[in-house]
Amino acid sequence: MFSWVKQEQGGRNKEGEMYQTVTEGLQSLYTKKLLPLEETYLFHDFHSPALEPADFQSKPMVLLVGQYSTGKTTFIRYLLEQDFPGMRIGPEPTTDGFIAVMYGESEGVVPGNALVVDPKKPFRKLNAFGNSFLNRFICSQMPNQVLQSISIIDTPGILSGEKQRISRGYDFAEVLRWFGERVDRIILLFDAHKLDISDEFSEAIKALKGQDDKIRVVLNKADQVDTQQLMRVYGALMWSLGKVINTPEVVRVYLGSFWAKPLQNTENRRLFEAESQDLFRDIQSLPRNAALRKLNDLIKRARLAKVHAYIISYLKKEMPSLFGREKKKEELIMRLPEIYTILQREHHISPGDFPNVAKMQDMLQHYDFSKFPSLKIKLIESVDKMLATKIAVLMSMIREEESKQPPAMVSGGAFEGSQDGPFGQGYGEGISAGADAEDWIVSRDKHRYDEIFYTLMPINGKITGVNAKKEMMNSRLPNTVLGKIWKLADCDRDGMLDDEEFALAQHLIKVKLEGYELPTELPDHLVPPSHRKNPTADALDQM
């Protein structure tokens, strides 16, 4: 549990309010500071429905988005390592609705209309999308260990063409935007054989604008192409994404085949394993970072709510008191880009904090500007105070409390099993090679290293650092790397190398040249036999 306030304050903040958890603190700040501003300026009609307790208390959620047959449902099956209720997998579009895969004591499916009236689930506001959507929305519950830490949202396979968009019967992009604001991670899946981004997929990605920090990309089924083709596919994917996601940063792309089938091309096996472990670590970190994510989303929402209040109050101020209201309304809507610029200068607001101008112009058509509220400074100041002081205190308390607790991690399913034992990443490779062998692994090539050693003019069985340097630099490794290898190989720290230490140095150079990382300390299985401690002798010395 996170504490909202420091112990010396007796569990209360300066206003005498008691908070037991960070979640409770965020919920209270939203209700008392931000919600009044949102309600006054019709924020919920223009941008996003009001947040509810379940939005603060829910587990981290992962949203999967992709065109049909990219493996979204199979990806969930791969993570859970079991089927889930309502699951359908096939090469054609099989998932025709949204499925929230969540933890439950017993397996079952909850239909959408029942789901949006459950106060314990964070989906109540989806009721606004109507029966056309709710008939295609279910919650799949099951007792799975992975789902004790996270929930996963499966989405319909995205198609191309105007006909498919119309046939959905609801605004698909708006539903994605709703989920994108509330989830912790958004994973865009692509098939290595289908990199085209359809019109609807492009709209879906654009609907997630503003959530760039949550987006990750998975190039799935990457084992079905060889290395040369994979390089071309990766480049084509980055080019296609660059046209849709207009950010200066390169989006993180994970390569792999996320299903439990044999690899068709094994030449990139090590790459796929490393990429999958990177993705797993990213997902596993979600529970640990959930409080910070909710805090970040609340800050983004507060900034947008402030800007919205400035826009609405400005439009109210410009309206005439009696005649010419309709004409003035049309004029103000046309001048909205100019109004944005005026408000930027007047209130020192970043251009990135303003809502989409075209969408705002469209929505304003349906409102009577004369009924808009004027600017209420106290509401703005209350939100500014929350951002300047209360949020900062809460952020520091999150870090302080998290440092005292072991990090929460997603466990179970695909997140277990491969980390330990001989099938863990890097087991038996690089620096770990020979860890479970009876002999010293370096001895297998020591005869070759000895030939080099005796050409370096050893004195009393050892070579100097100067002579060793000449040979080690033939590897063309940087001096920083060679210096680290020297420290690891010079076991007795005498500034010279005997034949075993020199062989060890050559082995470490080989490990590095093969693309593996070096350890900070020399593992026990690589210590040269003559430099290993004798347990019997140590025991006698202590007597």
Problem - Check on Leu315, part of a helix (DSSP H, G or I) and either modelled with pLDDT under 90 or open to solvent by less than 40 Å² (accessible area, probe 1.4 Å) (or both) - result: yes
Problem - Selected residue [part of a helix (DSSP H, G or I) and farther than 30 Å from Ile333 by Cβ] from Val307, Val233, Val250 - result: Val233
Handout entry: Positions within the range 354-392 being under 30 Å from Ala290 (Cβ atoms), surrounded by 15 or more Cβ atoms within 10 Å (Cβ to Cβ) and out of contact with any Pro (no Cβ under 7 Å at 6 or more places or on another chain), in sequence order
Key = Phe354, Pro355, Ile380, Ser382, Val383, Met386, Leu387, Lys390, Ile391
Exercise for the section: Kindly indicate the residue of the range 250-277 that is of a type in the set (D, E, K, R) and loosely packed, with under 15 Cβ neighbours inside 10 Å and also modelled with the lowest pLDDT among those meeting that condition. Expected result: Lys261
Practice task
Answer yes or no as to whether Phe98 is over 24 Å from the mean Cα position of the chain (by Cα) and either touching a residue at least 12 places away in the same chain (Cβ under 8 Å) or surrounded by fewer than 19 Cβ atoms within 10 Å (Cβ to Cβ) (or both).
Solution key: no
Fill in the blank from the handout: The condition from (1) open to solvent by 90 Å² or more (accessible area, probe 1.4 Å); (2) closer than 30 Å to Leu271 by Cβ; (3) out of contact with any Gly (no Cβ under 8 Å at 6 or more places or on another chain); (4) not small (Gly, Ala, Ser) that Glu438 misses is numbered (2)
Problem - Residue pairs meeting the criteria (Cβ under 7 Å; at least 6 apart or on separate chains; first free of Cβ contacts under 8 Å to residues at least 60 places away in the same chain, in the range 507-519; second open to solvent by 20 Å² or more (accessible area, probe 1.4 Å) and part of a helix (DSSP H, G or I)) - result: Ile509/Ser475; Lys512/Val481; Leu513/Ser475
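This table checks each residue for (1) modelled with pLDDT of 90 or more; (2) in contact with an Asp or Glu (Cβ under 8 Å, 6 or more places away or on another chain); (3) assigned to a loop (DSSP other than H, G, I, E, B).
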position	(1), (2), (3)
Leu63	yes, no, no
Ser69	no, yes, yes
Asp83	no, no, yes
Pro119	no, yes, yes
Ala128	no, no, no
Ser132	no, no, no
Ile152	yes, no, no
Practice task
Tell me, yes or no, whether the range 188-200 has at least one residue that is under 17 Å from Lys72 (Cβ atoms) and among the aromatic types (Phe, Trp, Tyr).
Solution key: yes
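The values are calculated or read from the model by the stated rules, or taken from the named source; none is laboratory data. No experiment lies behind these values; they were computed from the predicted model shown. Methodologically, a virtual Cβ is constructed for each residue, glycine included, from the backbone with ideal geometry; neighbour enumeration extends over all protein chains shown. Only protein heavy atoms, including side chains, enter the accessible area calculation; ligands, DNA and RNA are left aside. Shrake-Rupley method; radii C 1.70, N 1.55, O 1.52, S 1.80 Å.
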